[in-house]
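*Asks:* Before I ask anything, here is the structure I am working with.
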Amino acid sequence: MRKRTVAGESIELLRAALAKLQHRTTNDGMVELTGRLEPELGDPLWRAVLRIEKELLAQDAAQGDQDVRTTEQRRADAFVLLAERLTSSLGRS
């Protein structure tokens, strides 16, 4: 049986990592995520974000839009895409 993955990482590890994050709403209405993850969870989560960030860079370059996002913006976008892909892989919307 093949292990289910998202962005090249185990779905189970990614779910466990995301479950350990805390959130709060800031004064301006933004949501801030914080967490301290052991390497067994943090490393796969970070690798997945970086893989998706690389995809976004390639998409931007293909569209002739290099450097339209800061690194921080691109990584935030990658994190959101990771969460969406994970949710989709679990059959949730």
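The values are calculated or read from the model by the stated rules, or taken from the named source; none is laboratory data. Fair warning: this is a prediction, and the values are worked out from it, not measured in the lab. Heads up, the Cβs are rebuilt from the backbone with ideal geometry, glycines too, and the neighbour counts pull from every protein chain shown. Side chains included, ligands, DNA and RNA excluded: accessible areas come from the protein's heavy atoms. Shrake-Rupley method; radii C 1.70, N 1.55, O 1.52, S 1.80 Å.
*Asks:* Take the residues in segment 1-47 that are assigned to a strand (DSSP E or B) and among the aliphatic types (A, V, I, L, M); name whichever of them is nearest to GLY91 (Cα to Cα).
*Replies:* In the first step, residues of segment 1-47 are kept if they are assigned to a strand (DSSP E or B); the result is 5-6, 9-10, 22-25, 31-34.
From what's left, among the aliphatic types (A, V, I, L, M): 6, 31, 33.
Values: VAL6: 13, VAL31: 25, LEU33: 24 Å.
It comes out as VAL6.
*Asks:* Next question. Name the pairs whose Cβ atoms lie under 7 Å apart, with the first residue in segment 76-87 and closer than 14 Å to LYS54 by Cβ, the second of a type outside the set (A, V, I, L, M, F, W, C) and surrounded by 18 or more Cβ atoms within 10 Å (Cβ to Cβ), and 6 or more positions between them or separate chains?
*Replies:* ALA78/GLU53
*Asks:* Out of all the residues in segment 69-77, is one or more touching a Lys or Arg at 6+ places or on another chain (Cβ under 8 Å) and assigned to a helix (DSSP H, G or I)? Even if it seems obvious, please write down each step before you answer.
*Replies:* Just the residues of segment 69-77 that are touching a Lys or Arg at 6+ places or on another chain (Cβ under 8 Å), to begin with: 77.
This time we only want the ones that are assigned to a helix (DSSP H, G or I), so: 77.
Taking every residue of segment 69-77 in turn, at least one turns out to be touching a Lys or Arg at 6+ places or on another chain (Cβ under 8 Å) and assigned to a helix (DSSP H, G or I).
*Asks:* Let me ask something additional. What is the number of the single condition among (1) under 18 Å from ALA7 (Cβ atoms); (2) out of contact with any strand residue (DSSP E or B) (no Cβ under 7 Å at 6 or more places or on another chain); (3) open to solvent by 90 Å² or more (accessible area, probe 1.4 Å) that GLU72 does not meet?
*Replies:* (1)
*Asks:* Any residue at all in segment 33-45 that's touching a Leu at 6+ places or on another chain (Cβ under 6 Å) and open to solvent by 60 Å² or more (accessible area, probe 1.4 Å)?
*Replies:* Yes, because at least one residue in segment 33-45 is touching a Leu at 6+ places or on another chain (Cβ under 6 Å) and open to solvent by 60 Å² or more (accessible area, probe 1.4 Å).
*Asks:* Kindly provide the set of residues from segment 17-28 that are open to solvent by 50 Å² or more (accessible area, probe 1.4 Å) and of a type outside the set (Val, Ile, Thr), ordered by number. Break it down stepwise before answering.
*Replies:* To start, the set of residues in segment 17-28 that are open to solvent by 50 Å² or more (accessible area, probe 1.4 Å) comprises 19-20, 22-25, 27-28.
Selection gives ALA19, LYS20, GLN22, HIS23, ARG24, ASN27, ASP28.
*Asks:* May I pose another question? Answer yes if at least one residue in segment 6-16 is farther than 24 Å from LYS54 by Cα and open to solvent by 100 Å² or more (accessible area, probe 1.4 Å), and no otherwise.
*Replies:* So in segment 6-16, the residues farther than 24 Å from LYS54 by Cα come out as none.
No, that holds for no residue.
*Asks:* Tell me yes or no: at least one residue of segment 51-62 is under 21 Å from LEU90 (Cα atoms) and exposed (fewer than 10 other Cβ atoms within 10 Å of the Cβ). Can you show your working first?
*Replies:* Of segment 51-62, the ones under 21 Å from LEU90 (Cα atoms) are 51-52.
Retained after the next criterion (residues that are exposed (fewer than 10 other Cβ atoms within 10 Å of the Cβ)): none.
The answer is no, given that none of the residues of segment 51-62 is under 21 Å from LEU90 (Cα atoms) and exposed (fewer than 10 other Cβ atoms within 10 Å of the Cβ).
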